[in-house]
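Accompanying notes for the structure given below.
The values are calculated or read from the model by the stated rules, or taken from the named source; none is laboratory data. Worth saying up front: this structure is predicted, and the values here are computed from it rather than measured. Here the Cβ positions follow ideal geometry from the backbone for every residue, glycine too, while neighbour counts run over all protein chains shown.
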Amino acid sequence: MAAEPAKYTVTSAVTPAARFRRVLLKLSGEALMGDQGYGLDPKIVQRLAAEVKSVHGLGVQVALVIGGGNIFRGMAGEGAGIDRATGDYMGMLATIINSLAMQSALEHIGVPTRVQSAISMQAVCEPYIRRRAIRHMEKGRVVIFAAGTGNPFFTTDTAAALRASETECQALLKATKVDGVYTADPKKDKKALRFDRLSYHDVLSKDLQVMDAAAVSLARENRIPILVFSIHQPGSLADAVTGKGRFTVIEEVP
């Protein structure tokens, strides 16, 4: 019997417009809620999947880390009498739900996707294996890293910086509600100033709350630039990858 042909081919060369060969996108769980107070908004998930597809179509290898705050946030569990470690594990399970939802949305529009979990859950997704994740991306598959780092007391921001470092991503794209980093919340303070470029040291010393300190420090150690942009602006993800649009770059400044 003839061997079955490969279903997917290796990713084509990155287009000249793209600045990076491989990137990791960090999405918050709240980004999937839309205007709802809880859970997933299917229309939002589909729109975000289309944003990822637009970057994937440029020949860029893409990985994702998605938070779980739209379903459960570990620290919030302490108020309900749940100890922090248990709450964090519950939050990790929430990230798996979000990851499976995004996988379904991506594959519905023709983007091959794999979910890898830091917590073994082989009935629904693969275990996280670094070399397998890299190979998936080389073959043109989007890889979603679920369950954070697999350890309590670490945020999904830290998980994003860790996976970006492990899989040799050239940029960490942080999707937020605003188009970059500001001195204060621009929705609350009209005098807030926006930065086009910052150093890792600036973010840490000024406590700008872009990502937690462990994530920023890890990106700094591995020289991975962090691009902060608004996920609510259509096309903003592709704009960040191609160097267009409005975003803040956090990197080592000479």
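Do we have Arg84 as within 15 Å of the chain's Cα centre (by Cα), of a type outside the set (Phe, Trp, Tyr) and surrounded by fewer than 21 Cβ atoms within 10 Å (Cβ to Cβ) here?
no
In the range 101-124, of all residues being without any contact (Cβ under 8 Å) to a residue 40 or more places away in the chain and in a helix (DSSP H, G or I), the one that is nearest to Lys43 (Cα to Cα) corresponds to Ser104.
Taking the options Leu208, Leu172, Leu193, Leu237, name whichever one is under 22 Å from Lys53 (Cβ atoms) and either among the β-branched types (Val, Ile, Thr) or touching a Phe, Trp or Tyr at 6+ places or on another chain (Cβ under 9 Å) (or both). Spell out how you get there, then give the answer.
Numbers: Leu208 fails: under 22 Å from Lys53 (Cβ atoms); Leu172 fails: either among the β-branched types (Val, Ile, Thr) or touching a Phe, Trp or Tyr at 6+ places or on another chain (Cβ under 9 Å) (or both); Leu193 fails: under 22 Å from Lys53 (Cβ atoms).
The conditions single out Leu237.
Ala175 meets the stated requirement of being closer than 16 Å to Ile226 by Cβ, of a type outside the set (Phe, Trp, Tyr) and either in contact with a helix residue (DSSP H, G or I) (Cβ under 8 Å, 6 or more places away or on another chain) or modelled with pLDDT under 95 (or both). In this entry, Val62 is excluded by the filter for residues that are in contact with a Cys (Cβ under 7 Å, 6 or more places away or on another chain) and either among the β-branched types (Val, Ile, Thr) or exposed (fewer than 15 other Cβ atoms within 10 Å of the Cβ) (or both). A count restricted to the range 135-158 and to residues that are among the charged types (D, E, K, R), buried (at least 19 other Cβ atoms within 10 Å of the Cβ) and not in a helix (DSSP H, G or I) stands at 1.
Go over the candidates Ala3, Ala17, Ala31, Ala49 one by one and state the one that is within 20 Å of Phe229 (Cα to Cα) and either exposed (fewer than 15 other Cβ atoms within 10 Å of the Cβ) or modelled with pLDDT under 85 (or both).
Working: Ala3 fails: within 20 Å of Phe229 (Cα to Cα); Ala31 fails: either exposed (fewer than 15 other Cβ atoms within 10 Å of the Cβ) or modelled with pLDDT under 85 (or both); Ala49 fails: either exposed (fewer than 15 other Cβ atoms within 10 Å of the Cβ) or modelled with pLDDT under 85 (or both).
Result: Ala17 is the single residue among Ala3, Ala17, Ala31, Ala49 that is within 20 Å of Phe229 (Cα to Cα) and either exposed (fewer than 15 other Cβ atoms within 10 Å of the Cβ) or modelled with pLDDT under 85 (or both).
Quick check on the range 159-180: of everything there that is of a type in the set (D, E, K, R) and within 14 Å of Gln116 (Cα to Cα), which residue is surrounded by the fewest Cβ atoms within 10 Å (Cβ to Cβ)? Result: Glu166.
Check whether at least one residue in the range 223-241 is farther than 20 Å from Val23 by Cβ and not small (Gly, Ala, Ser), and report yes or no.
Of all residues in the range 223-241, those farther than 20 Å from Val23 by Cβ come to none.
No, there is no match, as no residue in the range 223-241 is farther than 20 Å from Val23 by Cβ and not small (Gly, Ala, Ser).
Remark: Thr158 matches the filter, which requires a residue to be in contact (Cβ under 8 Å) with a residue 40 or more places away in the chain, among the hydroxyl-bearing types (Ser, Thr, Tyr) and closer than 21 Å to Gly29 by Cβ. Restrict the check to the range 73-87 and report whether at least one residue is within 28 Å of Asn222 (Cα to Cα) and of a type in the set (Ser, Thr, Tyr). The answer is no; no qualifying residue exists.
Look at the range 79-96: where a residue is outside any helix (DSSP H, G or I) and a partner is crowded, with 21+ Cβ neighbours inside 10 Å and modelled with pLDDT under 95, sitting 6+ places away or on another chain with Cβ atoms under 9 Å, you get Ile82/Gly74.
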